[in-house]
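Novice: Quick one: this structure, given as structure tokens, is what I'll be asking you about.
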Amino acid sequence: MKTEKTVVGCVDFAINHKGEFDVIIAVGNAFIRKQIQEKYERAGVNLVTLVHPEGILSDETVRIGKGTVIMAGAVIQSGVEIGDGVIVNTLASVDHGCKLDDYAHISVGSHLAGNVKVGKSTWVGAGAIICNNVSVSDDVVIGAGAVVVKDIVEKGTYTGIPARKIK
């Protein structure tokens with residue numbers, strides 16, 4: 001049964017009312033988002049993929065996993081593969097051939113050039129840029145405004161121009 005009402009509530013509310021409505025998870029923290037999504041999947045809650053009406057998917061070659069949210073003004077180009085539980089936030093751009101692994105978060109106004117790979121649970125900060133053909137491993141934080149010009153293979157936090165590991 002579908003409802004026209006918006007419901008915001010605790011995690012267990014969706015489980016106790018499964019089947020009454022569709023669910024998205026609007027939590028920025030990848031670890032928490034993953035925990036909630038896995039709990040919902042085990043309980044049979046219907047997770048949906050949400051693309052804002054002003055989000056742009058360039059063509060039918062874009063693949064988007066379950067529970068992913070594409071916000072207003074985000075642009076996703078051809079051949080992009082987006083995993084489960086990903087957030088592509090307002091005015092972010094993801095160019096051709098990129099792969100965003102599960103629970104990645106592409107923050108407001110960030111830009112991924114062609115053929116970029118972003119690992120699981122990686123956070124790309126507001127206004128960050130990742131250059132062509134660069135891979136970023138799992139569980140990485142890219143600071144706001146950073147410019148990533150080469151592969152990042154080690155977990156940690158990276159900031160600056162060019163991006164360097166700070167912790």
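The values are calculated or read from the model by the stated rules, or taken from the named source; none is laboratory data. Note that the structure is predicted; figures quoted are calculated from it, not measured. Heads up, the Cβs are rebuilt from the backbone with ideal geometry, glycines too, and the neighbour counts pull from every protein chain shown.
Novice: Got a number for residues in the stretch 87-116 being farther than 25 Å from Gln37 by Cα and surrounded by fewer than 24 Cβ atoms within 10 Å (Cβ to Cβ)?
Specialist: Adding up the residues that qualify gives 8.
Novice: What's the total number of residues in the stretch 108-133 that are assigned to a strand (DSSP E or B) and charged (D, E, K, R)?
Specialist: Count: 1.
Novice: Just a yes or no: is a residue in the stretch 33-51 within 24 Å of Val134 (Cα to Cα), crowded, with 19+ Cβ neighbours inside 10 Å and within 13 Å of the chain's Cα centre (by Cα)?
Specialist: no
Novice: Would you call Gly67 in contact with a helix residue (DSSP H, G or I) (Cβ under 6 Å, 6 or more places away or on another chain) and in contact (Cβ under 8 Å) with a residue 60 or more places away in the chain?
Specialist: no
Novice: Using the structure shown, decide if Ser121 is modelled with pLDDT of 95 or more, surrounded by 17 or more Cβ atoms within 10 Å (Cβ to Cβ) and not assigned by TED's automatic domain parsing to the domain that holds Phe31.
Specialist: yes
Novice: Additional query: Based on what the data block shows, is Asp84 under 20 Å from Arg33 (Cα atoms), of a type in the set (D, E, K, R) and either crowded, with 18+ Cβ neighbours inside 10 Å or in contact (Cβ under 8 Å) with a residue 40 or more places away in the chain (or both)? If you could, list the steps in order and put the result at the bottom.
Specialist: Values: under 20 Å from Arg33 (Cα atoms): yes; of a type in the set (D, E, K, R): yes; either crowded, with 18+ Cβ neighbours inside 10 Å or in contact (Cβ under 8 Å) with a residue 40 or more places away in the chain (or both): yes.
So Asp84 fits the description; yes.
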